[in-house]
1. Could you check the simple spin-label distance between E170 and I362, using points 7 Å along Cα→Cβ, in nm with one decimal?
2. Which distance in Å, rounded to a whole number, links the C-alpha centroids of the range 336-362 and the range 283-299?
3. What's the Kirkwood radius of the range 87-188 in Å, using all Cα pairs?
4. Can you tell me the FRET efficiency between V303 and I41 if r is taken as the Cβ-Cβ distance and R0 is 35 Å, rounded to the nearest 0.05?
5. What is the packing order of peptides 233-241, 313-321, taking the mean over residues of other C-beta atoms within 10 Å and listing the highest first?
6. If you take the beta carbon distance between V102 and L265 as r and set R0 to 41 Å, what does 1/(1 + (r/R0)^6) give as a FRET efficiency, to the nearest 0.05?
7. May I have the extent of the alpha carbons of the range 14-166 along their three principal axes, as whole Å values ordered from largest to smallest?
8. Would you please state the base-10 log of I(q)/I(0) at q = 0.07, 0.11, 0.12 1/Å for the range 13-384, with intensities from the Debye formula using one equal scatterer on every alpha carbon?
Amino acid sequence: MAMEKFSGLKGKAFLFLIFFWSLWFINFSGRTIFAPVMPLIEDEFVISHARASSLFAFTSFGYACSVFLSGIFSGFLGYKRSIIVSLAISACIFFAIPHVRVFNVLVFLSFILGISIGIYIPSVIPLITEYYEERTWGRVIAVHETGASMSIFTSPLVAIFLLQYFTWREMFYVVGAFFVIPAIIFSFAGKEVKVQPTKKGFFSSLMKNRHLWMLGTIWVFAAGACLGLYFVLPLYLTKELGIDIRHANTIFSISRLGGIFVSILIGFIVDKFSLRKTIFLVVFITGILTMLIAVKNIRSIEVFLFLQASISTAFFPVGLVSISKMFDREKRGMATGLIVTLGVAFGLGIVPYLIGLAGDYISFRLGIMIFGILVMLSSGLTYFMKELK
């Protein structure tokens, strides 16, 4: 049975959007919750900055593999059932983390966690675009995307709160419980979307699409600037700048507050202005602000962190709307999977690891400065995306 399409954001349509928002918030928190406690993990296992950052790399590699495969094989389970499986496996991983005593085991679990949470985005975007009419996509996807911004903002605050009552290990029991609840609810709510069998030559034609690779490349640098940098900022603030972990997490959290409002605002801008010009401005400004985070004055860093985090989050709703506009229903899930795979593998995996290496051998500041320059330069790729208006 075809899914009912909503023309507005009232009543049942709004309730479903809020539920999808909560799923994205919880899913995203599966990655962001590690960053605030990373200094504690690093100290307990007595490891280097680069080795600690490798935890994010392995989570990202697992996430990338999952996103890629989810876009190809989602027809086996269906989009709704894929999300339920994702939540269930993630819960099991979080319940297992408190028992880990060897860092390599934690790395392995982080890889499996990446696989489980990576199922979500390629499954939910086809659901959303099937459930809501096309003229509402900009607003719906933008509101949905604020779940990520809220997760980025609240994770440090949640960590500060939970660490008052639990050790960092025990804290993950609480996180696991929050994955179980929506899995049960979603089992009884919503309709499944019928996935059409993949046609012969479907994958090769998609891989030849130049927009796929250009948007994917931009996604790498945008993801690195927003989340790759996010993962190593607590180490930068505490280890290189000497800020107390509680104060660092407070700065860390507040800097992410603006992203919530920017994500909503960008949804209305997307419906009125050129997607190509919007992507260029967002990525270019993000690159400049990333470079400015490397200044020496801590008060200035707080300001630039807030601005950088606010602007960088604007890219993702614009990027997801761009994917939805550029690819038809059959290709949309796989295109999302491929593009997000590139962003996760390199932007969330390689970028924090390389910045961690810079922190070990030179300084976090230099690594962040160089990366900011690369982000700024990547915005130039929008020049070749003239069809995306």
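1. 4.3 nm
2. Distance between centres, Cα-based: 18 Å.
3. Details: mean 1/r = 0.0640 Å⁻¹.
Answer for the range 87-188: a Kirkwood hydrodynamic radius of 15.6 Å.
4. Details: r = 29 Å, r/R0 = 0.82.
That pair, V303 with I41, gives E of 0.75.
5. On the way: 233-241: 21.3, 313-321: 27.2.
Those peptides, ordered most packed to least, come out 313-321, 233-241.
6. Working: r = 45 Å, r/R0 = 1.11.
It comes out at approximately 0.35.
7. Taking the Cα atoms of the range 14-166, the three principal extents are 52, 33, 24 Å.
8. Taking Cα atoms of the range 13-384 as identical point scatterers yields -0.27, -0.70, -0.84.
Here, each number is a calculation from the coordinates, and none is a lab measurement. Because the structure is a prediction, the values reported are computed rather than measured. Counting neighbours? That spans all protein chains shown, and the Cβs are built from the backbone with ideal geometry, glycine included.
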